[in-house]
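To start, the structure under review is shown below, and the notes come after it.
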Amino acid sequence: MKATFVFADQSTLSVKAFNSVKAVLVNALTKPTKLYFDYNTEDWIEGKLEGFPHFQDRDKQARIKWIDSCKEQLELEAKLDIREMMQDVVNKIVPNKPTKIETVQQALDKDTRIGRPGQYKEFFVERISKMNKTFEVPTNTKPTDLGTDRITKFWKVLSEEVGELLAALPKNDGEPSDLVAYADCLGDIVVYVFSEAERWGIPLVEVLHAILDSQDSKLVDGKPLWAPDRSKFIKGPNYLPPEDKIKEILERAANGQ
């Protein structure tokens, strides 16, 4: 079971069963507006989803308590003053250090996880949009099929960038790899991919979350499952492929949601 909080900009944050809801929502800079669960909560409380013939009352109570905490947190967040929310963010960034609300901007500027130092509002995705506009790259606000020619062109561009990863290899035996060249190339690939997503009107951040949620579903009791020969990780019994969720994301985007 997983609870998903939806924000005004249609971004989402998910919390796996029994994990702290408050700990997850402290990473959000805006208030959640909706909450939904992956499955019917009553069936989950009764243990029907797992097919348990007999379910202990204490287990039911634990599940009820977690669901109630999700709902309560949504109500609390809806009433939370924006200054209190920002103070929580500051406390997370600078733990155990008293910070006045007037220094929120300064604290955020220092945290590169939130945005570019000195310009925290200018998030990475927003900079991609600005770049596309400056360089007159055609973009779409809704998912749009640009055809096979565009896919072929982007494949060629991306293939060239991936090939440049080899520039990081040491020129002579015993020399270190060129981490600057490697980081530069990895960054170029990410920029090209996000720019391309805007061409197609694909909300790539949401798609990435769907893929990571799918990766999480491979885990068993929170741990990866090894193949018998320990050569690779394999999918657990609760694995959910990301395609259905990605389809849902694209359909919502197509409807302007």
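For the stretch 112-149, taking the residues that are in contact with a Lys or Arg (Cβ under 8 Å, 6 or more places away or on another chain) and modelled with pLDDT under 50, the one that is farthest from residue 193 (Cα to Cα) is identified as 117.
Residues that are part of a loop (DSSP other than H, G, I, E, B) and either over 20 Å from residue 17 (Cα atoms) or in contact with a strand residue (DSSP E or B) (Cβ under 8 Å, 6 or more places away or on another chain) (or both): does the stretch 206-218 have at least one? Within the stretch 206-218, one or more residues are part of a loop (DSSP other than H, G, I, E, B) and either over 20 Å from residue 17 (Cα atoms) or in contact with a strand residue (DSSP E or B) (Cβ under 8 Å, 6 or more places away or on another chain) (or both). The helices (runs of 4 or more DSSP H) falling completely within the stretch 1-111 that include 2 or more residues that are surrounded by fewer than 15 Cβ atoms within 10 Å (Cβ to Cβ) and either in contact with a Leu (Cβ under 9 Å, 6 or more places away or on another chain) or at pLDDT 70 or above (or both) map to 41-45, 57-79. Taken over the stretch 219-241, the criterion of being assigned to a strand (DSSP E or B) and among the aromatic types (Phe, Trp, Tyr) is satisfied by 226, 233.
One line per residue, one yes/no per condition, for (1) small (Gly, Ala, Ser); (2) touching a helix residue (DSSP H, G or I) at 6+ places or on another chain (Cβ under 8 Å); (3) modelled with pLDDT of 85 or more; (4) surrounded by fewer than 13 Cβ atoms within 10 Å (Cβ to Cβ):
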{"position": "215", "(1), (2), (3), (4)": "no, no, yes, no"}
{"position": "219", "(1), (2), (3), (4)": "no, no, yes, no"}
{"position": "225", "(1), (2), (3), (4)": "no, no, yes, no"}
{"position": "228", "(1), (2), (3), (4)": "no, no, yes, yes"}
{"position": "235", "(1), (2), (3), (4)": "no, no, yes, no"}
{"position": "242", "(1), (2), (3), (4)": "no, yes, yes, no"}
{"position": "248", "(1), (2), (3), (4)": "no, no, yes, yes"}
{"position": "251", "(1), (2), (3), (4)": "no, no, yes, yes"}
{"position": "257", "(1), (2), (3), (4)": "no, no, no, yes"}
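Return the residue satisfying two criteria in turn: it lies in the stretch 210-252 and is under 20 Å from the mean Cα position of the chain (by Cα) and of a type in the set (A, V, I, L, M, F, W, C), and of such residues it is nearest to residue 197 (Cα to Cα). Residue satisfying both the conditions and the ranking: 250.
Residue-by-condition table, conditions (1) among the charged types (D, E, K, R); (2) touching a Phe, Trp or Tyr at 6+ places or on another chain (Cβ under 9 Å):
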{"site": "213", "(1), (2)": "yes, no"}
{"site": "217", "(1), (2)": "no, yes"}
{"site": "228", "(1), (2)": "no, no"}
{"site": "232", "(1), (2)": "yes, yes"}
{"site": "236", "(1), (2)": "no, no"}
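Please determine, by comparing only the residues of the stretch 132-142 that are touching a helix residue (DSSP H, G or I) at 6+ places or on another chain (Cβ under 7 Å) and surrounded by 11 or more Cβ atoms within 10 Å (Cβ to Cβ), which one is nearest to residue 256 (Cα to Cα). Only one residue fits best here, namely 142. Contact annotation: residue pairs with Cβ atoms under 8 Å, 6 or more positions apart or on different chains, pairing a residue in the stretch 212-233 that is closer than 24 Å to residue 12 by Cα and among the hydroxyl-bearing types (Ser, Thr, Tyr) with a partner that is at pLDDT 90 or above and part of a helix (DSSP H, G or I), are 214/245.
The values are calculated or read from the model by the stated rules, or taken from the named source; none is laboratory data. Note that the coordinates shown come from a computational prediction; the quantities given were computed from them, not determined experimentally. Neighbour counts run over all protein chains shown; Cβ positions are idealised from the backbone, glycine included.
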